[in-house]
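Asks: Please read through the structure below; I'll follow up with questions.
Any read-out appearing in this document is the output of simple, stated calculations on the displayed coordinates, not a laboratory observation. Bear in mind the structure is a predicted one, so any value in this text is a computation, not a measurement. Cβ placement follows ideal geometry from the backbone for every residue including glycine, while neighbour counts extend to all protein chains displayed.
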C-alpha cells in the first residue's frame, strides 16, 4: 500500500485546494464543501488503480462535481442569501452556471476539460459559459 499511497498523494494532493474551491462554489457551504472533498478523495482512492484518466485534476474534480450534484439533489434547498458582492451574486446563479464559471474562470479549465467533466459538448460549454457570464452580470447589476 505504501507505493500506491505515495503515488496517490503525489498526483492528487496538489489539487486539494481546487477540489475545495469547486465544492464550495457549487454547494455554497464550507462544512458541506469539506465533507464533499473528503468523500471525493475517499472515492478517488478506491478508484485510483482503475482510473486510467491521464489528467488527474479533471478526474478528481469530476468526482467532486458528481458528489456535489448528488448532495444538491438530496437537499434541494437553495440559498436565499442576499447582499452585494460577487460571492452573493454567484450564489444566486443556477448550479450549472456557478460550476462552469468557477471551473473555467477561476480554475482555468479548457473547454475540452469542461466538456469531459460535465459530459456536454464543447459547443454547449461555450453557450453555457456565455449565459453564465450574462446572468452574473445581471446579478451584479451591470
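Asks: Given that compact globular proteins tend to follow 2.2 N^0.38 Å, what is the ratio of the alpha-carbon Rg of the chain to that value? Provide the component values of the computation, followed by the final result.
Replies: On the way: Rg = 15.6 Å, N = 142, 2.2 N^0.38 = 14.5 Å.
Against the compact-globule rule of thumb, the ratio is 1.08.
Asks: Which angle from 0 to 90°, rounded to the nearest 10, does the C-alpha axis of helix 30-47 make with the longest principal axis of the chain?
Replies: The helix 30-47 is inclined about 40 degrees to the chain.
Asks: Give the relative contact order (percent, whole number) for the chain; include only Cα pairs under 8 Å separated by 6+ residues. Walk me through the intermediate numbers first.
Replies: On the way: 119 pairs, mean separation 32.8, N = 142.
Relative contact order here is 23 percent.
Asks: Where is the GNM fluctuation largest for the chain (alpha-carbon springs, 10 angstrom cutoff): 100, 27, 120?
Replies: Highest fluctuation of the listed residues: 120.
Asks: Starting from the 7 Å offset along Cα-to-Cβ, what nm value, one decimal, do you get for the label separation of residue 123 and residue 105?
Replies: For the pair residue 123/residue 105, the computed spacing is 2.5 nm.
Asks: PRE reach from residue 49 (point 7 Å along Cα→Cβ): which of the range 1-42 fall under 12 Å by backbone N?
Replies: Output list for this probe position: 1-5.
Asks: Quote the FRET efficiency, to the nearest 0.05, computed for residue 133 versus residue 9 with a Förster distance R0 of 41 Å and r equal to the Cβ-Cβ distance.
Replies: Values: r = 36 Å, r/R0 = 0.88.
Result of the calculation: an efficiency of 0.70.
Asks: In what sequence do 26, 102 fall when counting other Cβ within 10 Å, fewest first? Can you show the working numbers first?
Replies: Numbers: 26 24, 102 20.
Lowest count first: 102, 26.
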